[in-house]
Amino acid sequence: MRNECPDCGNEVYDFTRPGDTKEDLHCFGCGWESITKTERQKYDALFKGVLDQVYQLARGGGGKTDDYGETWTRTGLVGIYIKLMIKEGRLRELVWKGKQPKVKGESVRDTLMDIAAYAVYGVICHDEGNYDGEQSRREHLQSMLSKIKEELSNGED
């Protein structure tokens, strides 16, 4: 069966993988794939559910905001970047190196949730033009960034 790709106009062909149906289409030109309405609804619901969990973690009652306050506003986007680099390092250790977390609440999923929350805070900082945070923090953050870059360059395999 041939159809026209809704994204690029190229021909779309049936999948031939086991379990696929004739409605499962793929464009060899741009990579577009059909997805059923049920699948889309399922993943929309899962996506929203995870976003709700990220909100509860970061902003909900008893969330990390109660512990940390609004420190992310004082450090700005540069501070968010540093925090994301640290979380990326943890994720790399857990996923690529297969290490088991020794700290409760620092699993792969917990780390990904923190990354998602930091990304949202980063978007807010970006939208507000808060790149460097407070002046008193700028020098400190630049120093931290330099140390992290040095560590990364020394620790690369």
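The values are calculated or read from the model by the stated rules, or taken from the named source; none is laboratory data. Just so it is clear, the model here is predicted, and its values are computed rather than measured. Heads up, the Cβs are rebuilt from the backbone with ideal geometry, glycines too, and the neighbour counts pull from every protein chain shown. These area figures cover heavy atoms from the full protein model, side chains too; ligands, DNA and RNA do not enter into them. Shrake-Rupley method; radii C 1.70, N 1.55, O 1.52, S 1.80 Å.
Of note:
- Full extension of the segment from Cys8 to Met85, taken as 0.36 nm per residue of separation minus the current Cα-Cα distance, would add 24.1 nm.
- A 1.4 Å probe over all protein chains sorts Arg90, Arg40 by accessible area into Arg40, Arg90, starting with the largest.
- Surface analysis of the range 63-111 yields an accessible area of 64 Å² per residue, using protein heavy atoms and a 1.4 Å probe.
- Label sites at Arg92 and Gln53, each approximated as a point 7 angstrom past Cα along Cα to Cβ, lie 2.5 nm apart.
- Accessible surface comparison of Glu139, Glu151, Glu134, probe 1.4 Å, protein chains only, largest first: the order is Glu151, Glu139, Glu134.
- Note on Tyr131 and Glu150: the extension gain reaches 4.6 nm, defined as 0.36 nm multiplied by sequence separation minus the Cα-Cα distance.
- Protection-proxy order for peptides 98-110, 49-61, 115-127, each taking the mean of Cβ atoms within 10 Å per residue, highest first: 115-127, 49-61, 98-110
- Projected label points at Ala45 and Lys99, each 7 Å from Cα along the beta carbon direction, are separated by 3.8 nanometres.
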